[in-house]
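Heads up: the structure comes next, in structure tokens.
Laboratory data are not the source of any read-out in this text; all were calculated from the coordinates shown. Keep in mind that what you see is a predicted model, and the values were worked out from it rather than measured. Ideal geometry is used to build each Cβ from the backbone, glycine not excepted, and the neighbour counts take in all protein chains shown.
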Amino acid sequence: MTPQPPTLPLSLCLITYNEENNLEECLKSFASLANEIVVLDSGSTDRTQEIAEKCGARFFVAPFEGFGRQKQHAIDLTTGSWVFVVDADERATPPLVEEIRMVLTSESPLEGYEVNRVNFFLGKPILHSGWAPDHVLRLFRKGAGRTSDNLVHEEILVSGRVGRLRSSLYHYTYRTLGDYLKKAARYASLSSREKLKKGARPGLLKILLDPPFVFFKMYVLKQGFRDGKEGLFLAILYGFYTAIKYIWMFYPERAEDDGSPSPAPR
């Protein structure tokens, strides 16, 4: 992939860990927009660095300190007047590319923009189950936005007026069941640590009742049954994730985490 000549004051930034299977497609989808790509890695052992540099990225390495701090570190390394924060398993659609181009070439009075993320599970877009619509703030003026300091489930906070783009960002979050199980274990560990840090302590009744309620909420209340068998499997898996997260809060010393980032269960 040959880097595109600089055209817009946009920095694309992302954090990575062993993302050789995702990274190139992600960066290609933004290639005609960004005049700078910043990749902050946390010690990949695969071809992540090679792919990032082939795509023209500025590549940095830093220990993983949680998603909020890691993404803020990546934002701080950017030099553009606008920043788009992306995950390696996300893709810009052509309409989104054109809409961002229109925003950056106009005199926008806004400081940030949300984008609608279409989430895929096992190759299928999930249009219910509490996964849609999924508006996330990703595009903002440098200096106006920063990430929250969460270990997991971080968000971008913007000072000033925020708008919403019409076009979609595709999120290929779990391509296989193995992907889900690995990420769920890692994120249950991080989430349990975050809750313990805030003083949360679940009782046994909560552990007994919350996992089936999560299933009921996703599959029935959020109409996951309309997503077919994938909606059923997703609701079951999220009930499992909830149980593991609470159990690890009882045994924090045994909640192992290798410190490497990957897209979180929502």
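For the chain, what is the calculated [θ] at 222 nm in deg cm²/dmol (nearest 500), taking -39500 (n - 2.57) for each run of four or more DSSP H residues and dividing by its residue count? Display every interim value, and only then the final one.
Values: 7 runs with 92 residues, N = 266.
Taking each H run of at least 4 residues, the total per residue is -11000 deg cm²/dmol.
Arranged from fewest to most other beta-carbon atoms within 10 Å of their beta carbon, V214, V220, V97 become V220, V97, V214. If the limit is 32 Å between Cα atoms, which of K28/K198; K71/K124; K142/K182; K124/K198; K124/K245 go over it? Distance filter (> 32 Å) returns K28/K198; K142/K182; K124/K198. Using amide H atoms built in the peptide plane, which far-off residues or other-chain residues are under 5 Å from K142 H to H? Correct list: W82, V83. The phi torsions of the range 239-248, fed into the Karplus equation with coefficients 6.51, -1.76 and 1.60 and a -60° offset, translate into couplings of x, 4, 4, 4, 5, 4, 4, 6, 4, 5 Hz, rounded to whole numbers, with Gly and Pro shown as x.
Let me know the charge dipole size of the range 76-211 about its Cα centre in debye, to the nearest 20, where only the beta-carbon of Lys, Arg (+1) and Asp, Glu (-1) is charged.
Taking the Cα centre of the range 76-211 as origin, the dipole is about 440 debye.
Positive end of the dipole of the range 120-197 (Cβ unit charges, origin at the Cα centre): among I156, F140, L177, the Cα lying farthest that way belongs to F140.
Counting only Cβ charges, +1 for Lys and Arg and -1 for Asp and Glu, the dipole size of the range 10-174 around its Cα centre is about 460 debye. By the beta-carbon count within 10 Å of each Cβ, the least crowded to most crowded order of I51, I244, fewest first, is I244, I51.
Among the listed options [x] 1.17; [y] 0.92; [z] 1.02, the one matching Cα Rg over 2.2 N^0.38 Å as calculated from these coordinates is [z].
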